[in-house]
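Take a look at the structure below.
Bear in mind that the values in this text are calculations on the coordinates, not laboratory data. Fair warning: this is a prediction, and the values are worked out from it, not measured in the lab. Here Cβ is always computed from backbone atoms with ideal geometry, including for glycine, and neighbour counts include all displayed protein chains.
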Ligand SMILES: Cc1cc2nc3c(=O)[nH]c(=O)nc-3n(C[C@H](O)[C@H](O)[C@H](O)COP(=O)(O)OP(=O)(O)OC[C@H]3O[C@@H](n4cnc5c(N)ncnc54)[C@H](O)[C@@H]3O)c2cc1C
């Protein structure tokens, strides 16, 4: 009689978006997957974000393709798991002639490979977004962006992966040691696997600190706000300062002139890496941000002045009467300093580190897991 071969086993550490994405990809390839999450519920970067699946920010080529692949997986997964999501597209508000010129240059370079991209004039912008500022000059509309409510989606996906893919989640279970073929939990339980994937996010001193210490990384610290419910729905928004933030806008003919204009006109916003992003959830609340302060240590104290700089810029590009803020929080993510948006490395035999999508983990995570796992095991 033929002996029945047992299925290969995988362990994933961390139940943020990367941990969930790797658990999904491995289970689809026949692995028995266990996910270990330190907290009772995932509470890292993945639940603190805008829930923006944002291909418009990714440069053409590998990362735009990856973002589009993630988008497809998000939509399919949200439909199957009955998780709220909205294919809003995105509207980048342009406030003056220079920003409009950047918009034209972006269209010229990018419209062949980005579906549903349009440059709108002032009237067309107002028609889609009546709250645009009276001085608005136009907008770039892109049809590919999707919004999820991150704090809900990230906490619902585990139940879906358990039901549909047999992935086992161990919450409240910090992993304190990883070695070739096994992990140990804080309660000294040992679990074995053929592959271990470390998706522990921005906390670099917990496991393999020596790997992080020598890596080209920094930690970005962000301020975020949430409004009360609005009485109407709005599209997903970004604005002119986003030209400085995303790789997709790099090296446009007017980029250097725009950088100088932005630094002269918004010196404090540029200093704190502020650009405007707004997503709206199913309760019509707005998630508003964000700022980017960099360094390996960040104090836990919320800075009101940084919040105010975000709101000041928002009020320059749109007019939302009586906006009330109901929540404020900070978030952090690990960012590569070598220009990469991916860090996937075998750090010990059979132990892989998956990190590095920076401010785009929701946008790139599912695609990154699919690409790296298929390269590794087919
Ligand atoms: C404020 C903010 C806004 C953002 N907005 C967006 C956006 O709209 N769109 C987008 O694409 N990206 C966005 N990002 C980026 C995105 O959120 C991150 O790239 C992504 O969440 C990183 O996911 P992760 O799984 O690597 O980390 P995390 O979500 O931080 O998950 C790591 C998990 O590992 C667990 N863990 C750590 N150590 C251990 C251990 N020893 N044992 C067990 N568990 C452990 C932690 O508890 C945590 O749950 C934003 C980020 C922030 C902070």
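Remarks
- In a fully extended conformation the segment linking residue 206 and residue 270 would gain 19.8 nm over its present Cα-Cα distance, using 0.36 nm per residue.
- Efficiency of FRET between residue 231 and residue 39 - r from beta-carbon atoms, R0 30 angstrom, step 0.05: 0.25
- FRET E, pair residue 108, residue 319, Förster distance 35 Å, beta-carbon r, rounded to 0.05: 0.70
- You can think of it this way: the chain between residue 374 and residue 263 has 35.7 nm of extra reach, that is 0.36 nm per residue less the Cα-Cα gap.
- Rel. contact order, % - alpha carbon contacts under 8 angstrom, at least six apart, the chain: 26 percent
- Efficiency of FRET from Cβ geometry, residue 294 and residue 171, R₀ 30 Å, rounded to 0.05: 0.45
- Contact order, relative form, for the range 270-378: 15 percent (alpha carbon pairs under 8 Å, 6 or more residues apart, mean separation divided by residue count).
- For the residues 218, 263, 112, a GNM of the chain with alpha-carbon springs under 10 Å puts the largest fluctuation on 112.
- Linear extension gain, residue 301 paired with residue 349, 0.36 nm per residue minus alpha-carbon span: 13.3 nm
- Spacing of the modelled spin labels on residue 326 and residue 65, each 7 Å from Cα toward Cβ, amounts to 4.3 nm.
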